[in-house]
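The structure under discussion appears below in the form of structure tokens.
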Amino acid sequence: MIGHALLFAYGCFSLALLFCLYRVVFAPGLSDRVLALDTMAINMIALLTLFGIDKGTTMYFEASLMFAMVGFISTVAYAKFVLRGDIIE
């Protein structure tokens with residue numbers, strides 16, 4: 001039963017990644033693209049976690065934690081760039 005649930009979750013998060021990718025390419029503004037990229041990072045974290053559950057190892061949980069930190073830092077850098085025009089003051 002867990003196998004069917006994992007396949008369904010893989011499909012849902014993969015579809016969400018495709019929708020976010022469409023939004024990154026065809027978004028009307030920069031803030032929409034930043035939000036779509038942040039959502040893509042969250043979906044990738046979910047996919048890494050699902051893959052870790054599927055394989056039964058904790059290595060993918062650590063990788064998803066690292067991906068979350070990089071995603072957060074990149075979102076903050078994009079937001080700072082949009083607000084001020086530069087990242088480093």
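FYI, it's all coordinate maths here, none of it is from the lab. What you see is a predicted model; the values in this text were computed from it and never measured. We place every Cβ from the backbone using ideal geometry, glycine too, and count neighbours over all the protein chains shown.
How far is helix 30-55 tilted off the main Cα axis of the chain, in degrees rounded to 10, range 0 to 90?
20 degrees
Projected onto the charge dipole of the chain (+1 at Lys/Arg Cβ, -1 at Asp/Glu Cβ, origin at the Cα centre), which of Phe19, Leu6, Ala79 gives the Cα projection farthest towards the positive end?
Result: Phe19.
For the chain, what relative contact order do you get, as a whole percent, if you take Cα pairs closer than 8 Å and at least 6 residues apart? Before the final figure, lay out the partial values.
Details: 68 pairs, mean separation 22.1, N = 89.
Worked out over the chain, it gives 25 percent.
Once you have the Cα-Cα distance between Leu83 and Leu30, take 0.36 nm times their residue separation minus that, and quote the gain in nm to one decimal. Mind dumping the intermediate values first?
Values: separation 53, 0.36 × 53 = 19.08 nm, distance 1.12 nm.
Gain in length upon complete extension: 18.0 nm.
Distance between Cα centroids, the range 54-89 to the range 1-44: provide it in whole Å.
16 Å
In sequence order, what are the phi-derived ³J(HN,Hα) couplings for the range 12-25 according to the Karplus relation 6.51 cos²θ - 1.76 cosθ + 1.60 with θ = phi - 60°, rounded to whole Hz, with x for glycine and proline?
So the J values, rounded to whole Hz, are 5, 6, 5, 5, 5, 5, 5, 5, 5, 4, 4, 5, 5, 6.
If you plug each phi of the range 58-69 into the Karplus form 6.51 cos²θ - 1.76 cosθ + 1.60 with θ = phi - 60°, what whole-Hz ³J(HN,Hα) values come out, in order, with x for Gly and Pro?
Per residue, the Karplus-derived 3J(HN,Hα) values read 8, 4, 6, 5, 5, 5, 5, 5, 5, 5, 5, 5 Hz.
For a label point 7 Å from the Cα of Ser14 along Cα→C-beta, name the residues of the range 28-51 whose backbone N is under 17 Å from it.
Counting backbone N atoms under 17 Å from the label point, the list is 43-51.
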